[in-house]
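*Asks:* Quick one: the structure is below, questions incoming.
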Amino acid sequence: MNPADPPLVPSPVAPGQSPAAVVLSRVRRDYVVRAPAAGTRRRRRQVVRAVDDLSLRIAPGETVGFVGANGAGKSTTIKMMTGILQPTSGSLRILGHDPVPERRALSRRIGVVFGQRSQLWWDLPLRDSYRILGTMHRLTDRQREDRLDRLVAGLELEGFLGRPVRQLSLGQRMRGEVAAALLHSPELVVLDEPTIGLDMVSKEGLRRFLREDRAERGTTLLLTTHDMGDVERLCDRIVVVNSGAVAYDGPLESFRERLGAPRELIVDLEAPAAELDLPGPASTLAVEAEGIRHRIAFAGAELTVPALLTAINRQAEVRDLSLREPAIEDLVRQIYARRGRDEPR
């Protein structure tokens, strides 16, 4: 941070407003890279802005999905929030702490999972990592074992607690990482792609445990993911970032409604049906039929999967079905396309 920047102070709290768990105010982070100069062998100095005037406020107990395309600035923002990186300018307060100078105190109050960065000891049995982490967090043996019993049961770790971390599958290691982040019962949990490598059953089990544990403890949750299923099942609010800036911030339930983002329901029937009578105006519904398979693209808040299935079941017997959600990258593109059309010319 530049010496001329103002000192970091907590953001003011409006009357009747509780202190925030997370406050980011006009945060920027620049990187200096050496890029080849055109027509020469020399490299010229170039400043790349990864995070650009990003402001964000998260209340205690909130669950927020922090999403965006690759390179949008999510990981850089999280690294500044956890004290790994110093912002170029702007201010941060995480649970009342300035993350970089107070990183040690902050680490006792937050839990973090980075998808590609392990906090487990590679050559030790998984259980030994928890003993070490318990000591680092100043837990008594009783506190550690009581909490670990809950984590082992909820995350189904029993089958590989005695196995070295290097021998675990990606899905097993990710569950072990989540347990490590939650061992000391943190007030704020930051999860970066926590369900990567998990099959559908394990993924849903992890989501269920995170919901239950957060409900019991009132934990604040910040989740970054490319899986909209994670966001929908764990978060009440969604923040979309692009090019280091906030593109959308609002309640999850109104996200798709405001975008009109299409979803696709794929239904296999027991017998071919030439045409299905489905609810919804033609502007929000498109059907493509091929034999027993029907692809139904739909959008809008009023047209839902249960409504479609109710109508289909009146006319035919369903053998199988699946639902495809729009990719995060597609949603971000829609947001920016809409912003461009709405700007005055």
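FYI, it's all coordinate maths here, none of it is from the lab. For clarity, every value in this text was computed on a predicted model and none was experimentally measured. FYI the Cβ positions are ideal-geometry reconstructions off the backbone, even for glycines, and counts take in every protein chain you see.
*Asks:* I need the Kirkwood Rh of the stretch 141-298: take the reciprocal of the average 1/r across all distinct C-alpha pairs and report it in angstrom.
*Replies:* Kirkwood radius, the stretch 141-298: 18.8 Å.
*Asks:* Can you list the residues of the stretch 69-92 with backbone N under 12 Å from a point 7 Å past the Cα of Arg117, pointing along Cα to Cβ?
*Replies:* Counting backbone N atoms under 12 Å from the label point, the list is 75-86.
*Asks:* What translational diffusion coefficient, to the nearest whole µm²/s, does the stretch 264-314 have by Stokes-Einstein, given a Kirkwood radius computed over alpha-carbon pairs, a temperature of 25 °C and 0.890 mPa s viscosity?
*Replies:* The estimated diffusion coefficient comes to 221 µm²/s.
*Asks:* Moving to a separate point now. Around Ala21, which amide H atoms from residues at least 5 apart in sequence, or from another chain, sit under 5 Å from its own amide H, with H modelled in the peptide plane?
*Replies:* Under 5 Å from the amide H of Ala21: Ile58, Ala59.
*Asks:* Okay, next question. Set the Förster distance to 45 Å, then compute FRET efficiency between Ala316 and Glu212 from the Cβ-Cβ distance, nearest 0.05.
*Replies:* 0.75
*Asks:* Taking the simple approach of a point 7 Å from Cα along Cα-to-Cβ for both Arg108 and Glu270, what is their distance in nm?
*Replies:* Output for this residue pair reads 6.4 nm.
*Asks:* For the stretch 222-233, take each phi angle, set θ = phi - 60°, evaluate the Karplus expression 6.51 cos²θ - 1.76 cosθ + 1.60, and give the result in whole Hz per residue in order, putting x for glycine and proline.
*Replies:* 10, 10, 10, 6, 9, 9, 5, x, 4, 5, 5, 8
*Asks:* A further question follows. Let's test the formula: R0 of 22 Å, r as the Cβ-Cβ distance of Thr304 and Asp277. What FRET efficiency results, to the nearest 0.05?
*Replies:* That gives a FRET efficiency of 0.85.
*Asks:* Antiparallel as a % of all DSSP beta bridges within the stretch 22-256, to the nearest 5?
*Replies:* The antiparallel fraction comes to roughly 60 percent.
*Asks:* Tell me the relative contact order for the stretch 22-256 as a rounded percent, counting alpha carbon contacts under 8 Å between residues six or more apart.
*Replies:* Value for the stretch 22-256: 27 percent.
*Asks:* What's the FRET efficiency of Arg233 with Asp330 using the Cβ-Cβ distance as r and R₀ = 22 Å, to the nearest 0.05?
*Replies:* Once rounded, the FRET efficiency stands at 0.65.
*Asks:* Seen from all sides and averaged, what is the projected area of the convex hull of the Cα atoms in the stretch 31-86, in nm²?
*Replies:* It is 5.6 nm².
*Asks:* Given the convex hull over the Cα atoms of the stretch 47-180, what projected area results after averaging over all orientations, in nm²?
*Replies:* Value for the stretch 47-180: 9.8 nm².
*Asks:* Determine one quarter of the surface area of the Cα convex hull of the chain, which equals its mean projected area, and express it in nm² to one decimal.
*Replies:* The directionally averaged projection comes out at 25.3 nm².
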